[in-house]
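K.L.:
Encoded as structure tokens, here's the structure I'll be asking about.
The values are calculated or read from the model by the stated rules, or taken from the named source; none is laboratory data. Remember, predicted model here, so these are calculated numbers, not experimental data. Cβ sites come from the backbone with ideal geometry, for glycine too, and all protein chains shown count toward neighbours. The accessibility values were calculated without ligands, DNA or RNA, using every heavy atom of the protein model including side chains. Shrake-Rupley method; radii C 1.70, N 1.55, O 1.52, S 1.80 Å.
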Amino acid sequence: MSKKECLAMLLAGGQGSRLYDLTKDVAKPAVSFGAKYRIIDFALSNCANSGINSVGVLTQYRPYLLHSYLGTGTAWNLEDGIAILPPYATQKGGSWYAGTADAVTQNLEYIELNDPDYVIILSGDALCRMDYADMLATHKKNNADLTIAVMAVPWEDASRFGLLVADETGRITEFQEKPPVPKSNLASMGIYIFNKQLLVDELRLDAEDPESEHDFGGNIIPKLLADGRRLYTYEFEGFWRDVGTIASFHETSMELLGEKPSFDLYAKDFPIMSNTLSYPPAYFGPDAKVDDCIVGNGTKIYGDAIHSVISIDSVIGKGAVVKDSVLLPGAIVKDGAKVINAIVGENSTIEEGVEFGSADEGKDYAFCGNNVVIGKEE
Amino acid sequence: MAKAIGLITANYSTKFPSPLTDSRPAASIPFLGRYRAVDFALSNMVNCGIRTVGMVMPYNYRSLIDHVGSGREWELTRKGGGLFILPGSAFGTSRTGSRFLLRDLAHNKIFLERDTAELVAVSACNWIYNVDYNDLFEAHKASGADITVLTQAARDKDVDVCSFEVADGRVKGVKHGAVFGDTAFLDCFVIGREKLLELLDWYAANDYLDLFEALAGDYDRVNVQAFDFEGYAAPIFNKDTYFKANMDMLDPKITHELFSVRPIKTKAHDNQPAKFITGAKVTNSRISGSCRVAGTVTNSILGRGVVVEKGAVVNNAIIMQGCTIKSGATVEYAIVDRNNVVPEGTEIKGTESAIFIKDKG
């Protein structure tokens with residue numbers, strides 16, 4: 001393989017257990033989002049839009065849909081393609097990825113083969129639009145060993161995050177993992193740029209440390225800081241969401257709606273690419289009603305779609321109402337059914353006349369997994 | 001299936017100039033918002049397992065090449081076979097109204113000679129239908145015909161459609177134009193590869209004719225059988241039939257048959273989902289990706305990235321890719337070609353019997 005400046009290692013093996021049934025069959029990065037995308041599209045599009053053409057995707061949990069969706073990476077214009085990197089066996093046996101750092105350690109061979117100057121570690125879970133080339137330029141300008149992307153979070157929420165305390169030049173002086181008394185409101189986004197040789201050396205050391213949990217945030221970063229390495233922040237000011245829970249998945253979906261949404265998919269300079277099938281344009285029946293929605297191709301809307309995300313190939317039957325909800329691809333809401341404050345999984349069906357979810361704001365969002373049928377309760 | 005290769009004549013040009021085909025070949029005219037006419041011929045071939053397709057190009061091929069590229073969307077980017085871009089007649093020597101000009105086929109004999117397939121499926125791109133070629137191959141073998149043509153009883157009078165004179169399933173003659181009930185030619189046929197090469201030799205001196213015109217005196221010695229297609233088929237030769245075929249797509253039964261049983265593939269674009277702002281009213285319409293609608297859309301088809309502002313009204317219209325209908329504007333019984341901006345408060349109006357065309361912006 002030819003030499004590259006920057007190689008991306010995209011961590012996509014996470015289960016996303018707090019998404020419950022939404023990740024029962026698929027890994028979190030493969031969960032559908034925004035009517036036609038999957039979560040991993042955002043990180044992959046960022047790579048392509050930032051000129052990073054080689055991406056190793058580390059997969060582990062429920063990989064089938066993810067692998068088939070990724071293909072060879074042509075859908076994202078990744079010229080050197082995607083390398084899918086699941087756990088593997090060797091003559092000494094094999095093991096699952098035991099932590100974020102361990103996943104990369106097990107693929108050091110892939111990094112050496114590509115022989116980049118820099119390695120960017122990305123999370124396949126997060127939704128953001130970010131120019132990694134700008135982050136890399138900052139890394140080089142600071143002559144840093146490691147640069148960590150950070151976002152300012154409200155001070156009152158700061159103690160829920162891994163926080164980085166930095167001086168006025170951006171050099172990191174302290175790392176606080178979910179501290180009761182935060183000294184900073186700069187939260188780590190889990191995006192790291194390492195000088196390649198440092199990364200390789202540190203991961204080899206970490207692998208031999210029996211005390212380590214092999215986690216970038218928990219082990220690698222604190223050690224580099226203790227060693228007096230040049231760690232810098234890269235402050236990101238755009239939109240970033242982790243969608244780790246049903247509530248945040250629902251709320252982030254709703255942030256796509258409205259005339260001037262906080263997460264604007266329509267910005268022209270930084271397209272989000274995806275690997276979608278050919279469906280005909282969305283159909284609206286004679287009595288359809290649509291108000292404040294985003295709608296994917298292949299959908300058929302005969303009833304009411306109100307303030308919702310209606311994904312590709314889904315159907316809203318006659319007299320049915322979908323309000324403040326997310327229909328994932330292929331979801332069917334049959335005639336007269338009502339879906340309110342809910343998430344309907346891929347290819348799942350809400351039977352005729354069934355009410356799924358509740359307008360009562362005190363209640364949690366209703367949700368169901370993929371390929372299920374929700375009938376009338378007995 | 002029978003081992004077959006495909007040949008698409010994408011260089012049809014109309015006898016009757018229209019703003020829609022002034023700026024593009026008929027094969028790449030947009031259909032139902034996101035498709036182009038050629039998608040149907042290409043997908044039909046690929047869906048039945050054909051993996052070698054030659055495409056005879058029109059002289060103004062830019063938009064067609066842009067669309068089909070290397071054939072990746074149709075799985076025609078292959079080590080063996082795949083999509084072959086074939087030259088058609090130069091500008092000025094092409095012939096309007098001809099679908100299967102002998103000269104264009106003869107020029108590309110090498111494409112036919114280099115393959116070993118038994119059959120060739122040949123199609124133009126002027127009709128909208130989803131056919132299973134395997135039915136055609138079976139009928140062709142069963143009847144022992146030299147050529148099997150795909151036909152359907154004409155539903156309307158159409159001067160651009162060709163029709164056959166048929167007796168007991170065998171073609172006896174061909175004419176330009178069809179009236180209700182005629183055996184309309186769906187511009188698609190199956191022929192033995194070697195037979196086609198033989199016919200090209202026969203008619204080498206008459207290469208300015210269409211294959212079926214050349215056959216006119218020979219229908220007694222060349223066995224041409226008609227195969228009746230039972231599914232939905234619509235010609236799109238002129239603005240009226242083009243408009244009507246698009247409006248047919250507002251019937252979910254037709255679109256189910258056309259798109260769901262065997263897929264029609266098209267060039268993929270990274271379009272965002274369509275967006276509907278509060279106040280939008282959309283009924284009996286088809287809305288493509290990247291559209292943003294805040295106004296009223298009724299009985300219409302919007303191409304990719306069309307913006308309908310608040311207070312704008314689109315009624316019984318086809319709006320092609322990239323148009324903006326400004327606030328307070330009205331479009332009715334019209335086809336608005338690509339990249340037009342309909343300014344605030346203006347009206348573009350045709351009538352049911354006289355569809356208005358606004359050419360490319």
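K.L.:
When 1/r is averaged over all different Cα pairs and the result inverted, which Kirkwood radius in Å belongs to the range B:193-339?
P.N.:
18.5
K.L.:
With springs only between Cα atoms under 10 Å apart, run a GNM on chain A and tell me which of A:Ala83, A:Ala359, A:Ala331 wobbles the most.
P.N.:
Greatest mean-square fluctuation among the candidates belongs to A:Ala359.
K.L.:
Among the aspartates and glutamates, select those whose C-alpha is under 13 Å from the C-alpha of B:Lys349, and discard any that sit fewer than 8 residues away in the same chain.
P.N.:
Straight-line reach from B:Lys349, under 13 Å: B:Glu332.
K.L.:
If you build a Gaussian network model of chain A, linking Cα atoms that sit under 10 Å apart, which residue out of A:Asp41, A:Asp201, A:Asp125 swings the most?
P.N.:
Largest GNM mean-square fluctuation: A:Asp201.
K.L.:
Also, quick follow-up: When ranked by the protection proxy of mean other Cβ atoms within 10 Å per residue, highest first, what sequence do the peptides B:200-208, B:111-119, A:183-191 form?
P.N.:
Going from most to least packed, we get A:183-191, B:111-119, B:200-208.
K.L.:
Leaving out ligands and nucleic acids, and using a 1.4 Å probe, what accessible area per residue does the protein assembly as shown come to in Å²?
P.N.:
40
K.L.:
Given the options B:Cys291, B:Leu101, B:Val174, identify the residue whose Cα lies farthest towards the positive end of the charge dipole of chain B (+1 on Cβ of Lys, Arg; -1 on Cβ of Asp, Glu).
P.N.:
Selected residue: B:Cys291.
K.L.:
Return the carbon/sulfur percentage of the accessible area of the range A:121-191, one whole number, probe 1.4 Å, all protein chains in place.
P.N.:
Of the solvent-accessible surface of the range A:121-191, carbon and sulfur hold 50 percent.
K.L.:
Using the C-alpha gyration tensor of the range B:154-203, what are the square roots of 5 times its eigenvalues, in whole angstrom, with the largest one first?
P.N.:
Ellipsoid half-lengths, sorted descending, are 25, 12, 10 Å.
K.L.:
How big, on average over all directions, is the shadow cast by the Cα convex hull of the protein assembly as shown, in nm²?
P.N.:
Working: hull surface 149.0 nm².
Result: a mean projected hull area of 37.2 nm².
K.L.:
Report the accessible surface area buried between chains A and B, summing both sides, using a 1.4 Å probe on protein heavy atoms only, in Å² rounded to the nearest 100.
P.N.:
Its buried surface, counting both partners, is about 2800 Å².
K.L.:
Taking the alpha-carbon distance from A:Lys28 and a cut-off under 19 Å, which lysines remain once sequence neighbours fewer than 8 residues away in the same chain are dropped?
P.N.:
Within the straight-line cut-off, A:Lys28 pairs with A:Lys36.
K.L.:
Sticking with this one: Between A:Val290, A:Val55, A:Val150, where does the largest GNM mean-square fluctuation fall for chain A, given springs only between Cα atoms within less than 10 Å?
P.N.:
A:Val290
K.L.:
Now, a different point. Per residue and in Å³, how big is the convex hull formed by the alpha-carbon atoms of chain B?
P.N.:
124
K.L.:
Using a 10 Å cut-off around each Cβ of peptide B:283-293, what is the average number of partner chain Cβ atoms that fall inside?
P.N.:
Taking all residues of B:283-293 together, the mean is 6.
K.L.:
In addition: If R0 is 45 Å, what FRET efficiency do you get for A:Lys260 and A:Gln15 from their C-beta distance, rounded to 0.05? Intermediate values should be presented prior to the final figure.
P.N.:
Working: r = 35 Å, r/R0 = 0.77.
Given R0 = 45 Å and the Cβ-Cβ separation, E is 0.85.
K.L.:
Give the angle, between 0 and 90 degrees and rounded to the nearest 10, that separates the Cα long axis of helix B:239-248 from the longest principal axis of the Cα atoms of chain B.
P.N.:
Relative to chain B, helix B:239-248 is tipped by roughly 80 degrees.
K.L.:
While we're here: Among A:Gly34, A:Cys368, B:Ala329, whose Cα lies farthest out toward the positive end of the dipole of the protein assembly as shown, if unit charges sit on the beta carbon of Lys, Arg (+1) and Asp, Glu (-1)?
P.N.:
Working it through, the farthest residue towards the positive pole turns out to be B:Ala329.
K.L.:
With only Lys, Arg, Asp and Glu charged, each at its Cβ (+1 for the first two, -1 for the last two), find how big the charge dipole of the protein assembly as shown is about the Cα centre; round to the nearest 20 debye.
P.N.:
Working: 73 positive and 96 negative charges, 314 e Å.
That gives the protein assembly as shown a dipole magnitude of about 1500 debye.
K.L.:
To the nearest 10 degrees, how steeply does helix A:40-49 sit against the main Cα axis of chain A, on a 0 to 90 scale?
P.N.:
Between helix and principal axis, roughly 60 degrees.
K.L.:
Just the number: Rg to Rh for the range B:77-191, Cα atoms, Kirkwood Rh, two decimals.
P.N.:
0.98
K.L.:
Determine the principal axes of the Cα atoms in the range A:219-378, then give the extent along each, sorted from largest to smallest and rounded to whole angstroms.
P.N.:
Principal-axis extents of the range A:219-378 (Cα, largest first): 66, 40, 28 Å.
K.L.:
In the range B:246-361, what percentage of the DSSP-assigned beta bridges are antiparallel, given to the nearest 5? Don't jump to the answer; show the numbers that get you there.
P.N.:
Numbers: 1 of 31 bridges.
If I count the DSSP bridges inside the range B:246-361, around 5 percent turn out antiparallel.
K.L.:
Between 0 and 90 degrees, rounded to the nearest ten: what's the tilt of helix A:196-207 against the longest Cα principal axis of chain A?
P.N.:
Result, in degrees: 90.
K.L.:
Another one. Under a Cβ-Cβ cut-off of 11 Å, what is the net charge of the residues other than A:Thr138 that fall near it, where Lys and Arg count +1 and Asp and Glu count -1?
P.N.:
Working: positive: A:Lys140, A:Lys141; negative: A:Asp131, A:Asp134, A:Glu235.
Residues close to A:Thr138 contribute a combined charge of -1.
K.L.:
Over the protein assembly as shown, what is the percentage of antiparallel beta bridges among all DSSP beta bridges, to the nearest 5?
P.N.:
Details: 56 of 153 bridges.
Of all bridge pairs located within the protein assembly as shown, approximately 35 percent are antiparallel.
K.L.:
Indicate, rounded to the nearest 5 percent, the antiparallel portion of the DSSP beta bridges found entirely in the range B:46-203.
P.N.:
Details: 20 of 25 bridges.
The antiparallel proportion sits near 80 percent.
K.L.:
Still on this structure, please answer the following. Give me the distance in nm between label points sitting 7 Å out from Cα along the Cα-to-Cβ direction at B:Glu352 and B:Asn299, one decimal.
P.N.:
0.7
K.L.:
Return the Cα extents of the range A:22-76 along principal axes one, two and three, sorted largest first, each rounded to a whole Å.
P.N.:
Between the extreme Cα coordinates on each principal axis of the range A:22-76 lie 34, 24, 14 Å.
K.L.:
Another one. Sorted from largest to smallest, which semi-axis lengths in Å does the alpha carbon gyration tensor of the range A:110-214 give for its equivalent ellipsoid, taking the root of 5 times each eigenvalue?
P.N.:
25, 18, 14
K.L.:
On average, how many beta carbons from a partner chain sit within 10 Å of the beta carbon of a residue in A:271-278?
P.N.:
Average per residue, whole number: 4.
K.L.:
So what are the three principal axis dimensions of the range A:1-136 from its Cα atoms, in whole Å, longest to shortest?
P.N.:
42, 40, 24
K.L.:
To the nearest 500 deg cm²/dmol, what mean residue ellipticity at 222 nm is calculated for the protein assembly as shown from DSSP H runs of n ≥ 4 alone, each contributing -39,500 (n - 2.57), summed and divided by the residues?
P.N.:
-5000 deg cm²/dmol
K.L.:
What is the P(r) of chain A, as percent of Cα-Cα pairs per 20 Å bin from 0?
P.N.:
28, 54, 18, 0
K.L.:
In addition: Can you pull the percent of the range A:1-97's accessible area that's carbon plus sulfur, 1.4 Å probe, other chains left in place?
P.N.:
Percent of accessible area from carbon and sulfur atoms in the range A:1-97: 50.
K.L.:
Given N residues in the range B:227-283, what is its alpha carbon radius of gyration divided by 2.2 N^0.38 Å?
P.N.:
Working: Rg = 15.1 Å, N = 57, 2.2 N^0.38 = 10.2 Å.
For the range B:227-283, the normalised Cα radius of gyration comes out at 1.48.
K.L.:
Another one. Using a cut-off of 14 Å between alpha-carbon atoms, which aspartates and glutamates can reach A:Lys178, once sequence neighbours fewer than 8 places away in the same chain are excluded?
P.N.:
A:Glu156, A:Asp157
K.L.:
Compute the projected area of the convex hull of the Cα atoms of the range A:76-115, averaged over all viewing directions, and report it in nm² to one decimal place.
P.N.:
On the way: hull surface 14.7 nm².
Seen from a random direction, the Cα hull of the range A:76-115 projects 3.7 nm² on average.
K.L.:
Based on a Kirkwood Rh over C-alpha pairs, give the Stokes-Einstein translational diffusion coefficient of the range B:305-357 at 20 °C and viscosity 1.002 mPa s in µm²/s.
P.N.:
Result for D is 204 µm²/s.
K.L.:
Roughly how large, in nm² to one decimal, is the mean projection of the convex hull of the alpha-carbon atoms in the range A:310-365?
P.N.:
If you wrap the Cα atoms of the range A:310-365 in a convex hull and average its projections, you get 3.2 nm².
K.L.:
Sort out for me the Cα centre separation of the range B:100-114 from the range A:219-266, rounded to whole Å.
P.N.:
Distance between centres, Cα-based: 59 Å.
K.L.:
List, in the order given, every pair from B:Lys310/B:Lys360; A:Lys300/A:Lys338; B:Lys15/B:Lys175; B:Lys281/B:Lys310 whose Cα-Cα distance in the structure shown is over 18 Å.
P.N.:
Distance filter (> 18 Å) returns B:Lys310/B:Lys360.
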